[in-house]
Amino acid sequence: MAGKQLNIGLLGCETVGRGLMELMDKNRTLIRDRSGVDLHISQVLVRDLKKERPGVDNALLTTRPEKVIENGCDMVVELVGGLEPARSFIHRALAGRKHVVTANKALLAADGFSLRRKAALQNVRFGFEASVCGGIPIVRALRSGLVGNEIHSLSGILNGTCNYILTRMADDGVDFTDALREAQVRGFAEADPTLDVDGHDAAQKLKILSELAFNGRLETKDIPVEGIRAITAEDVGFAREIGSVIRQVATAEVLDGALSLRVETVLLPRDHQLAAVRDENNAVLVRGDAVGEMLFSGKGAGSLPSASAVLSDIVEIAKHDGGFSPPAERTIQTIKPDLRSKYYVRVQVEQPSAIGPITTILERNGIAVRPAIPASRGRSPRTQGRSRSIYCLVSGDLRPDQIIPGEFLLKMPSCFWASCGMSDTLMRRPMNVVHGFSATG
Ligand SMILES: NC(=O)c1ccc[n+]([C@@H]2O[C@H](COP(=O)([O-])OP(=O)(O)OC[C@H]3O[C@@H](n4cnc5c(N)ncnc54)[C@H](OP(=O)(O)O)[C@@H]3O)[C@@H](O)[C@H]2O)c1
């Protein structure tokens, strides 16, 4: 039985675009049987007509955007990426009253609010499921499945590159640089990994999810970010010794009526739900007033998982007429996150006997620490021919500014501080931020 035909103008046909065409071909009958919709690609925009694209009908390809956007299609699917020309393409499609589906996280983080609003005013639909967490239907869950809930918090592993690196460091005992190199070879990290490893990619995704979950507009600058470059093999070893794993976690939680947002690198107890998320996988833990806590996890990127999310938007839009209601025109009030926590402190000394005076100095500065744990992994580094010992100290609850008392840092021969924040509101038991700076004296 033939279904209602939906004509799609596709912008971009490489990783996700080709995955989409492959999935549409493979599951065409299944999709029609489930939704009553026959999907048809009318034209495809690319940059290079000569590029090999196995499985793609070359007759569909064009380098002229107007032939895709203004050719009578019902919907435009933007899989070009980046801010421009993707933004202009989408504005053009919306102006022509076409439904739009995009996977463009960078554009959503920059302009998502206004694009959603414009789509609603044009009475067309705007889908962006693939822009956050690839194949995980978290946008759909927040927009419809959990629509009857007031969301109290969401937190998650939103960056697959960082999670892959941290998993490799823990499993293989390698340092950050080697784990990053492996991630690049295996296609889980970009040649320039800055956005991922410094926490900005996770912050962009946190912003997109939070605007949906907390109903309003946010600024990315409201989100303090922390990367994973400072994590060493010793930190990962110490984490194991104290029954924890290191993860990058993005959090948005309502505290006293305002939203606290942050991206941190944290120590999680091994039995925490997010600690079980390994390799390039993503996960989001949502807490709603009615459903309580729900975990969404799965593949956060890749050709077919992302295409699956794009396809879900396409079919969802095709099944319904009319537009979404415009997003609420309000700015979400944010507060600085309370970073008070327990701190994990990595200290590197030339002589084991130096650790006693260091803990005494810390205690004199009001910083109580548990007894030092020596590195047990036989990996104490040698610097300029001198061997160094590494110890881990765990403090009582502190503010971050309390762990940077320059005065006694100078008295230390060489040390590296890493902080471990504990947010028991959201993460229940220890959620420890690891971050630090080094100083030599
Ligand atoms: N890759 C993933 O795992 C993933 C996951 C989730 C979301 N996303 C998002 O999905 C979007 C697409 O990512 P992707 O990985 O599929 O990108 P990609 O592999 O680089 O493909 C981009 C496509 O867009 C075309 N293109 C780029 N600039 C163009 C221009 N100025 N004019 C015409 N065509 C242009 C390219 O044409 P040529 O083929 O001729 O070069 C290519 O076909 C991005 O927003 C990305 O953030 C990606």
Can you name the helices (runs of 4 or more DSSP H) wholly within segment 1-93 that have at least 3 residues being more than 21 Å from LEU311 (Cβ to Cβ)? 65-69
Could you check, for segment 206-219, whether at least one of its residues is modelled with pLDDT of 95 or more and surrounded by fewer than 20 Cβ atoms within 10 Å (Cβ to Cβ)? no
Hey, among ARG47, ARG97, which residue is more than 9 Å from the ligand (Cβ to nearest atom) and either surrounded by fewer than 16 Cβ atoms within 10 Å (Cβ to Cβ) or more than 26 Å from the chain's Cα centre (by Cα) (or both)? ARG97
Among the residues of segment 220-230, what is the count of those that are surrounded by 17 or more Cβ atoms within 10 Å (Cβ to Cβ) and either among the polar types (S, T, N, Q) or touching a strand residue (DSSP E or B) at 6+ places or on another chain (Cβ under 6 Å) (or both)? 5
Does segment 115-125 contain at least one residue that is outside any helix (DSSP H, G or I), small (Gly, Ala, Ser) and buried (at least 22 other Cβ atoms within 10 Å of the Cβ)? no
Regarding segment 35-54, can at least one residue be identified that is touching a Cys at 6+ places or on another chain (Cβ under 7 Å), of a type in the set (Lys, Arg) and touching a residue at least 12 places away in the same chain (Cβ under 8 Å)? yes
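The values are calculated or read from the model by the stated rules, or taken from the named source; none is laboratory data. Just so we're clear, the structure is a prediction, and the values are computed from it rather than from any experiment. No Cβ is skipped: glycine too gets one built from the backbone with ideal geometry, and neighbour counts run over all protein chains shown.
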